[in-house]
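Trainee: First, the structure itself, so that you have it in front of you.
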Amino acid sequence: MSDTLDQIVIAGAGMAGLHAAEALRERGFEGRLTLVGEEPHGPYSRPPLSKEVLTGIGMDPTSGGPGWLVGHRALRLREDEVIEGLDLDLRLGTRAVGLDPASRELRVDGPEGADSLRYDGLVVATGARARRPDTDLAGVHVLRTLDDAEAVRSAFDSTGRLVVVGAGFVGAEVAASARAVGMEVTLVEAATTPLTRVVDPVIGEVLTEMHRENGVDVRLGVGVTGYEGSSRVERVRLSDGSTIEASLVVVGIGVHLNTEWLRGSGVELLPDGAVLCDEYSATSVPNVYAVGDLANWPHPRYGGRIRLEHWTNASEQGEAAARNLLAGSGRAPFTPVPYFWSDQYKKKIQLLGQGAPADQVTFVHGSPEDRKFVAFLGRGGMLTGVLGLRSTPRTMRYRGLLEKPTTWDEALAAAGISPAA
């Protein structure tokens, strides 16, 4: 370990930031470790916000009032005593507002006003925020934070009519959760298939039908042009001229990366706001690393650079960056097998690697008609992804194929399928 690192600051108290903090302590860092989080809540798990939290699974039915979700067991990443054992200078409700690499200071704004935190090493893990729709009407929500989930959960009504705008994984999970509590649900997506950035249209069509089988009105290839109502949303207006009655709207149309505060600091940003990293997750500024949703880095098995908004990547990259920050000349490239999962209608969807773009899709186990399968996805004659629906053991069995370059024919052979079949 470098003996020049006495103070390390982590900007961002989510999954990536927490795992970076844990890895630093596990690797023997004994100096001052500061964890800065913009939300007033300590580190929590985001995936349950669109699933267990909305359906009420795991909640005390007598709970209520502001902040009632904080104790939800599904959100808990670590017990309080584990967090305390990390010996953190924990700054919650505190926002990173600037960086001065020359003086090695992170400027923050918190409950006690502006402050500057001196660092020898800095991990940037400020993540992303939901892209908000252009309306001030009550009843139109996004779902990204615990406070967002509290607002949406409070508005869930078994007799209500929900419109979900955007058929990404969060939108799809919200739709499934709303159906689980009996709401009428319309899912609107501007693209012709859902999850266009994540999975091939062949897979997207299967997931579309799964929603329809569970009573969701799925509208594809149509955008939203406006929200109507007096003071609260009553209708959603679509680009085809139609309208949908709504008592609640949840919008999932992407994110803005929380990197504006880095502008002018010397940390190189890409046009979308992502932080440009090398293969070690290091930025263009010495001793500053970036992890999680906002990090863009080269991956040798995916034909260029990637950026992932995955729970698993946040944890793995946080740990890897912490190790590299301490390692000096012994750094190791970060080359994970991306992994993502989603739970919808009591069915688990799992994706290893990249699901899109793909020019080859083969169902190697099961069938889409049975809503139980494993599919291989490939590009340029190489295996790039494995997607499973209700097939956890078989899906994970093929992880090793994605840990090294594997040709399409080699992948099929591993599944017991003749390439000529």
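Trainee: Within region 57-109, restricting attention to residues that are at pLDDT 85 or above, more than 22 Å from the chain's Cα centre (by Cα) and among the small types (G, A, S), which residue is nearest to G28 (Cα to Cα)?
Mentor: G85
Trainee: For N287, state whether it is closer than 21 Å to M15 by Cβ and either surrounded by fewer than 19 Cβ atoms within 10 Å (Cβ to Cβ) or polar (S, T, N, Q) (or both).
Mentor: In short, no.
Trainee: Quickly run through region 286-327 and pick out the residues that are of a type in the set (S, T, N, Q) and assigned to a helix (DSSP H, G or I).
Mentor: Selection gives T312, N313, S315, Q317, N324.
Trainee: Condition (residue is more than 30 Å from V181 (Cβ to Cβ) and either touching a Ser or Thr at 6+ places or on another chain (Cβ under 8 Å) or not in a strand (DSSP E or B) (or both)) applied to region 339-349: is it met by at least one residue?
Mentor: Checked against the condition, which is being more than 30 Å from V181 (Cβ to Cβ) and either touching a Ser or Thr at 6+ places or on another chain (Cβ under 8 Å) or not in a strand (DSSP E or B) (or both), region 339-349 yields no hits at all.
Trainee: Another question, if that's okay. Would you mind finding the one in V181, V170 that is among the aliphatic types (A, V, I, L, M), surrounded by 16 or more Cβ atoms within 10 Å (Cβ to Cβ) and touching a residue at least 40 places away in the same chain (Cβ under 8 Å)?
Mentor: Being among the aliphatic types (A, V, I, L, M), surrounded by 16 or more Cβ atoms within 10 Å (Cβ to Cβ) and touching a residue at least 40 places away in the same chain (Cβ under 8 Å) holds for just one of V181, V170, which is V170.
Trainee: Here is a further query. For region 98-123, enumerate the residues that are assigned to a strand (DSSP E or B) and not small (G, A, S).
Mentor: Correct list: L99, D100, E105, L106, R107, V108, D109, D115, L117, R118, L122, V123.
Trainee: I'd like the full set of residues that are touching a His at 6+ places or on another chain (Cβ under 9 Å) and in contact (Cβ under 8 Å) with a residue 24 or more places away in the chain, limited to region 150-167.
Mentor: V152, A155, A167
Trainee: Still on this structure, I have one more. Taking region 364-421 as the search range and keeping residues that are of a type in the set (D, E, K, R) and part of a loop (DSSP other than H, G, I, E, B), which one is surrounded by the fewest Cβ atoms within 10 Å (Cβ to Cβ)?
Mentor: It comes out as K404.
The values are calculated or read from the model by the stated rules, or taken from the named source; none is laboratory data. All figures in this text were calculated on a predicted structure; none of them were measured in a lab. Cβ: placed from backbone, ideal geometry, glycine included. Neighbour counts: every protein chain shown.
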